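First comes the structure, then the notes that go with it.
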Amino acid sequence: MTAGKLKIDGAAHKPASLLGIYRTAFEKASRSDDPDVKISAYGQVVNFCGESRSCRIDESIKRNRVMYWSFNNLGDAFVLKNRENNGTAREQNYQLAIAYYREALNLARDDAEKINSLKKIAEVYKCLEDAESLSRTEEDIVESLGDEYKRQGYVSLAASREDQGEKSEWLEKALEYVTKEEVSFLTKCRNTLAIGEMLADSYRSCRDGANVRRIRKLMENTAVLAIKALEDKLAGETRRGRQLEVYGEIVETAEKFCLQNKDFRQDILRKVCAGLDDSEVIYADGTALSKSILRRISGLSHKKT
């Protein structure tokens, strides 16, 4: 269904400009909770422009802004109609809402406006219980994000999927955009490790051993870089409490991701032991670790540090 000319009851008074008729429509719609009143009001704006050749061919920012608002408001009004007991008109109202939101989408000036209209479309598809269309629209939303936001968008998309194949597909895409974010190198490493854990679980569920091994190797290499970044951070930190927090993150990263790289792991644990006093305790993955415990797990139980 496409958005066409609306049937408006009564003769419409047409102000001299598109902006003028929009202002009149906005005032009329704002004074009423009746969706039909809102549809009639904003329909006058759409019809006015459709009947005016100069308006139809106008590509000015002002004209596009007015039409963007009008189409979005029409979509909202048709959704509002379904709060009433409409019976068989329910699906038609939702389809009209989608049609007008898509008209607005075509006039969107930037990513924020595109996403706004796409989110409205997604909500309608939820109401229609159209899972396939909802999925495509959610993907369109993420694709409309700037590169610095796509990593988070694809992770959210993956979290909403039950199918492990789809989940892994979106997580792989999320990995591609980790480096596009304007964050520290350490944060990029942390994001890569978080995605890697989810990917490994997904591939493990699919019994895809080759990809599990590939992701594990990626996480191990990333963990080495993350630990080096944490060591740099430690060197510049003067507060002892914060130093102990960094030590804890170093140990947690080594223990979680570097078990196969035994020499590197042991070297890291020994460095942490050397930096701690006998009375100090650090926390890794919620576990309290004293210097004596670290000596034991690093193989230094009978050596001085």
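A 26 angstrom limit on the alpha carbon distance is what I want to check against. Which of LYS167/LYS228; LYS38/LYS114; LYS81/LYS120 exceed it? In this structure, LYS167/LYS228 exceed 26 Å between Cα atoms.
Net charge in the neighbourhood of ASN72 (other residues with Cβ under 12 Å of its Cβ; Lys, Arg +1, Asp, Glu -1) is +3. From the coordinates of this entry, Cα Rg over 2.2 N^0.38 Å is computed, and it appears in [x] 1.49; [y] 1.14; [z] 1.20 under the label [x]. Express in whole angstrom the spacing between the alpha-carbon centres of segment 39-98 and segment 149-172. Going from one Cα centre to the other spans 33 Å. Selection among ASN191, VAL212, GLN164 by position relative to the dipole of segment 147-236 gives VAL212 as farthest towards the positive end (Cβ unit charges, Cα centre).
Within the chain, the selection of entire DSSP H helices by a Cα span of 24 Å or greater along the long axis and an average Kyte-Doolittle value of at least -0.5 returns 61-81, 111-128, 185-205, 209-235. Take the alpha carbon gyration tensor of segment 256-305, find the square roots of its eigenvalues, order them as a ≥ b ≥ c, and report rounded if a/c is under 1.5; if not, report prolate when a/b exceeds b/c, else oblate. Here segment 256-305 falls in the oblate category. Could you tell me which residue out of GLY75, ILE57, GLY275 lies farthest along the dipole of the chain toward its positive end? Charges go on the beta carbon: Lys and Arg +1, Asp and Glu -1, centred on the Cα centre. Going by the charge dipole, the pick is GLY275. Of the candidates ILE293, ILE195, ILE282, which one comes out as most mobile in a Gaussian network treatment of the chain with C-alpha springs shorter than 10 Å? Result: ILE293 has the largest fluctuation of those listed.
Which order do the peptides 225-232, 28-35 take when ranked by the mean count of other beta-carbon atoms within 10 Å per residue, highest first?
In decreasing order of mean packing, 225-232, 28-35 become 225-232, 28-35.
Largest GNM mean-square fluctuation among GLU237, GLU176, GLU123, using the chain with Cα springs under 10 Å: GLU237. Cross-link reach is defined here as a Cα-Cα straight distance under 13 Å, omitting same-chain residues fewer than 8 places apart; for LYS150 the aspartates and glutamates meeting it are ASP111, GLU138, GLU139, ASP140, GLU172, GLU176, GLU181, GLU182. Taking the chain, the Cys residues with no second Cys beta-carbon under 4.7 angstrom are CYS127, CYS189, CYS206, CYS258, CYS273.
Read-outs throughout are calculated quantities, based only on the coordinates presented, and are distinct from any laboratory measurement. Everything quoted here is computed from the prediction, not taken from an experiment. FYI the Cβ positions are ideal-geometry reconstructions off the backbone, even for glycines, and counts take in every protein chain you see.
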